[in-house]
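Peer 1: This is the structure I have questions about; it appears just below.
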């Protein structure tokens, strides 16, 4: 992929797109210099996606938890260019980073942007921008008519690089329809975000009810899903060892440790607090992805050191697309790429395999 811009030039462009996004997204999102949930705490945002549930603690505490992880430097070593590449889902990527799935930002606000309520245009910019920079995009799901089809429409243009995330719809027919659409689009994998049962605006266990939405899945039904498709399946919303162990029984390709951006439990645990414990429990039997509060290559490094295989980033990608379209997603991915390379060099890590637990120190271990 193209990495012909240096970090300084990338940051200048990134700042330009942040300013453009700020004009579009205010007052729903202030596009703060530091996106940590403090400025939007207690605000009644429509779909909760920019802010988070209740007092915003599920968003704020995640960022604080990541800040409590420090990286140990080791600057005396041979000169080399760190290798950030990784193979996932049968594809090669330049960095272990993906755009996390986001749904209702695209339909529940009113923005003066060509990307608002144009799901295929937004998704195309996100998918192609991340792909052009050597990363990948995971796509969200929504009950809006035509939404899902718009999200996955551009996946064939990147050779299948894209992961549709399908909500556990109570209407199984609708769920399996989305599974088929994803496979027909050539998607390299699918995910399902089981923690979306905590999004009160769409939860309903009664099929056919007026407000029918999503409902829980058990191990057997997840096994059925894994066995029925010929592409990898990832289970999202895992926030405990007990849940991770259940997922391992389904033979899923991987899990995403995630608190849904703080949108399902007001005072949730931080995903970064769970990574090491879950990795120790599962070993290398399954891929472990994690998102939550990640804003830089240094944050990516921290989560890899704790045991993650790859790391997701949510809100900043949405802001980058609204501010710069496809190039916005490209520039943000480039930013993370160069920051990760820089911190790997400072911590003496030639490859991702060298990013080990001894490279970080976790402060305030008794916080939770």
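A short reminder: the numbers here are calculations on the coordinates, not readings from a lab. Keep in mind the model is a prediction, meaning the values are calculated, not measured. Cβ sites come from the backbone with ideal geometry, for glycine too, and all protein chains shown count toward neighbours.
Peer 1: Ranking 136, 239, 121 by Cβ neighbours within 10 Å, fewest first, what do you get? Don't skip to the end; give the middle numbers.
Peer 2: Numbers: 136 27, 239 24, 121 20.
With the fewest neighbours first, 136, 239, 121 line up as 121, 239, 136.
Peer 1: Only helical DSSP H runs with n ≥ 4 go in: add -39500 (n - 2.57) per run for the chain, normalise by residue count and round the 222 nm mean residue ellipticity to 500 deg cm²/dmol.
Peer 2: Values: 10 runs with 135 residues, N = 368.
Counting only the DSSP helices, I get -11500 deg cm²/dmol.
Peer 1: Grab the beta carbon distance between residue 221 and residue 280, set R0 = 22 Å, and tell me the FRET efficiency rounded to 0.05.
Peer 2: Values: r = 27 Å, r/R0 = 1.25.
Rounded to the nearest 0.05, the efficiency is 0.20.
Peer 1: For the stretch 7-362, calculate the relative contact order in percent as a whole number, restricting contacts to Cα pairs under 8 Å that are 6 or more residues apart.
Peer 2: Values: 750 pairs, mean separation 87.6, N = 356.
So the answer I get is 25 percent.
Peer 1: Measuring from a point 7 Å past the Cα of residue 6 along Cα-to-C-beta, which residues in the stretch 68-95 have an amide N at less than 20 Å?
Peer 2: The answer is 79-83, whose backbone nitrogens lie closer than 20 Å to the label point.
Peer 1: Separate question: Which percentage, to the nearest 5, of the DSSP beta bridges contained in the chain is antiparallel?
Peer 2: Antiparallel: roughly 20 percent of the beta bridges in the chain.
Peer 1: Restricting to bridges with both residues inside the stretch 223-339, how much of the DSSP beta-bridge set is antiparallel, in percent to the nearest 5?
Peer 2: Working: 0 of 11 bridges.
Of those bridges, close to 0 percent are antiparallel.
Peer 1: So, one more: Set the Förster radius R0 to 25 Å, insert the Cβ-Cβ distance between residue 361 and residue 81 as r into 1/(1 + (r/R0)^6), and round the FRET efficiency to 0.05. If you can, show how the numbers build up before the last one.
Peer 2: Numbers: r = 26 Å, r/R0 = 1.04.
It comes to 0.45.
Peer 1: Residues of the stretch 278-318 with the amide nitrogen closer than 19 Å to a label point 7 Å from the Cα of residue 245, along Cα-to-Cβ, please.
Peer 2: 278-288
Peer 1: In addition: Can you tell me how the stretch 328-368 classifies by the Cα gyration tensor, rounded, prolate or oblate, using a/c under 1.5 as the rounded cut? Write down the numbers at each step before the final one.
Peer 2: Values: a/c = 3.19, a/b = 1.48, b/c = 2.16.
Oblate shape, in that a/c is at least 1.5 and b/c is the bigger or equal ratio.
Peer 1: Please sort 91-100, 344-353, 254-263 by packing, taking for each peptide the average over its residues of neighbouring beta carbons within 10 angstrom, highest first.
Peer 2: Numbers: 91-100: 23.1, 344-353: 18.2, 254-263: 26.6.
Packing order, densest peptide first, comes out as 254-263, 91-100, 344-353.
Peer 1: Kindly put 9, 230 in sequence by how many other C-beta atoms sit within 10 Å of each C-beta, fewest to most. Spell out each step's value before the answer.
Peer 2: Details: 9 13, 230 6.
The order, fewest Cβ neighbours first, is 230, 9.
Peer 1: Rounded, prolate or oblate: which fits the stretch 144-292, taking a ≥ b ≥ c as square roots of the Cα gyration tensor eigenvalues, rounded meaning a/c under 1.5, else prolate when a/b beats b/c?
Peer 2: Working: a/c = 1.58, a/b = 1.19, b/c = 1.33.
Oblate, since a/c reaches 1.5 and b/c is not below a/b.
Peer 1: Taking 2.2 N^0.38 Å as the expected size of a compact globular protein, what ratio does the Cα radius of gyration of the chain give against it, to two decimals?
Peer 2: Values: Rg = 19.2 Å, N = 368, 2.2 N^0.38 = 20.8 Å.
Dividing the Cα Rg of the chain by 2.2 N^0.38 Å gives 0.92.
Peer 1: Please order 214, 241, 360, 75 by the number of other Cβ within 10 Å, starting at the fewest.
Peer 2: Working: 214 26, 241 15, 360 19, 75 8.
Sorted ascending by nearby Cβ count, the order is 75, 241, 360, 214.
Peer 1: Within 10 Å, count the other beta carbons around each residue, average over each peptide in 144-153, 19-28, and list them highest first.
Peer 2: Working: 144-153: 18.8, 19-28: 15.9.
Taking the mean over residues of other Cβ atoms within 10 Å, the ranking is 144-153, 19-28.
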